[in-house]
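Working notes, beginning with the structure itself.
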Amino acid sequence: MMSTFRTIDLALIGLGAVHRNVLRILEERAPVLAQRHGLAFRVVCAADSSGVAINPSGFEPAALRRFKEEGGRICELEGFLPSTTPAAALSTLACDLVLEASPVNLATGEPGLSVVRAALRRGVSVVLANKGPLALAYRELHALAAASGAKLAFSATVCGALPVINIGRRDLIAAEIFSLRGVFNATTNFILAEVASGRSYADALAEAQRRGIAERDPRLDVEGWDTACKLVILANSVLRIDAALADVSVQGIVDVTPKALAQAAQRGETIKLLASAERTQNGYALSVRPTAIDAHSFLGQCSGWEMGVEIESDLYGRMHYKIWEREPLPTAAAMVRDAVNLMEKDE
Ligand SMILES: NC(=O)c1ccc[n+]([C@@H]2O[C@H](COP(=O)([O-])OP(=O)(O)OC[C@H]3O[C@@H](n4cnc5c(N)ncnc54)[C@H](OP(=O)(O)O)[C@@H]3O)[C@@H](O)[C@H]2O)c1
């Protein structure tokens, strides 16, 4: 048990499903975080779509969470900074760590991209759940972090709380990866399973939205772009290649019919939105597409709310990992995990 602890001043950008669960963990697990890790987290900055507010002595996590759950907006809080973007606030704010969980925007990356740039330029470390900034600017952001000495952690961006990035970066030392395949999107996996069992597509999507699992713009899920973002992040971080979204051949699940699902089932197969990186002579072929696979294979058995990954390499054989994740709590826990890992090492 640690007798002294360090206070970490946090900025939370976005206060939706994920960050409300981060607030819940900070509220409920504060004693554990202090005792096991010697860290006390204090939320000195919070932003939603209405703007950004600062409180140098810290917003109380439970009160801030309830305020948002009851429909409150940051612009109504004491400490609200009118006409200030989160990125502008972060360019001067004294804080130790930024947690970014605003919606994915693949057109501009905003507001997340400017937030991450502003923090990293000043040497402030960042934890991301938002895939957009990494999918659009992985190399640039890592170069900024290297130049300023800041750290960037993003284990929550791929397969929720499944630590596939941690495993891929830390535990496959010296390996050559032949193939990396996965079911990376719980919303589409759930929809495909429900439609196969007779439920309507719209009904299944509505449940994923109600549970806070679907993207704010669910076209990102069903058109395959959320999965493609995750593949790009894995390609850069685990396969260590310089890949962009334009390098991925992408097809979503919108044209998968109940009939196609039934025919696949008759053949002993199941249709999954499969992300795949296959080694070629020049690098990797990257694709996201609905694919009929053996229903008894590892990925074929990733059903409903499960996501999974299969990694085949020369030194480590074939590895399989999966997670069952039906609410945003595990993703929030992954952000807290990243925050602790960064801040403990930062001492
Ligand atoms: N949900 C999951 O299970 C999950 C899993 C892995 C990764 N992620 C990623 O985590 C991120 C957040 O997901 P979520 O489910 O928490 O989303 P969400 O429920 O839609 O919440 C998004 C939050 O961002 C805020 N926001 C919107 N525009 C903003 C702006 N310009 N500046 C500052 N804040 C802004 C929203 O403000 P208002 O409150 O005012 O609307 C809201 O609080 C997304 O990038 C998502 O891809 C989510």
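Readers should treat all values here as calculations from the given coordinates under stated rules, not as data from a laboratory. Owing to the predicted nature of the structure, the values given are computational and were not obtained by experimental measurement. With ideal geometry, Cβ positions are generated from the backbone for all residues, glycine too; neighbour counts draw on all protein chains shown.
Of the trypsin sites (Lys or Arg not before Pro) found in segment 184-250, those that fall in a DSSP loop while having at most 15 other beta-carbon atoms within 10 Å are Arg199, Arg216, Arg240. Loop-resident trypsin sites (Lys or Arg not before Pro) (DSSP state other than H, G, I, E or B) in segment 8-96 with no more than 16 further Cβ atoms inside 10 Å of their Cβ: Arg29, Arg73. Size descriptors for the chain, from the alpha-carbon set: Rg then Dmax equal 20.3, 62 Å.
You can think of it this way: the chain between Ile173 and Ala62 has 35.8 nm of extra reach, that is 0.36 nm per residue less the Cα-Cα gap.
Taking 7 Å steps out from each Cα toward its Cβ at Gln35 and Thr108 produces label points 4.7 nm apart. Annotation: amide H-H contacts under 5 Å for Ser125 (H modelled 1.01 Å from N, sequence separation of 5 or more, or interchain): Val98, Lys151. Shown in residue order for segment 157-166 are the 3J(HN,Hα) couplings computed by the Karplus curve 6.51 cos²θ - 1.76 cosθ + 1.60 at θ = phi - 60°: 7, 10, 6, x, 8, 5, x, 5, 5, 4 Hz (x for Gly and Pro). With viscosity 1.306 mPa s and temperature 10 °C, the Kirkwood radius over alpha carbon pairs of segment 164-324 converts through Stokes-Einstein to a diffusion coefficient of 99 µm²/s. The reciprocal of the average 1/r between distinct C-alpha atoms defines the Kirkwood hydrodynamic radius, which for segment 1-83 equals 13.1 Å.
Across the alpha-carbon set of segment 1-159, the Rg to Rh ratio works out to 0.95, Rh being the Kirkwood radius. Here the spin labels are modelled as points 7 Å beyond Cα on the Cα-Cβ line, and at Glu207 and Glu27 they lie 2.8 nm apart.
Within segment 128-215, the GluC sites (Glu not before Pro) that combine a DSSP coil assignment with at most 12 other C-beta atoms in a 10 angstrom radius are Glu176.
Report the calculated FRET efficiency for Arg318 and Asn282 (r = Cβ-Cβ distance, R0 = 25 Å), to the nearest 0.05. Once rounded, the FRET efficiency stands at 0.60.
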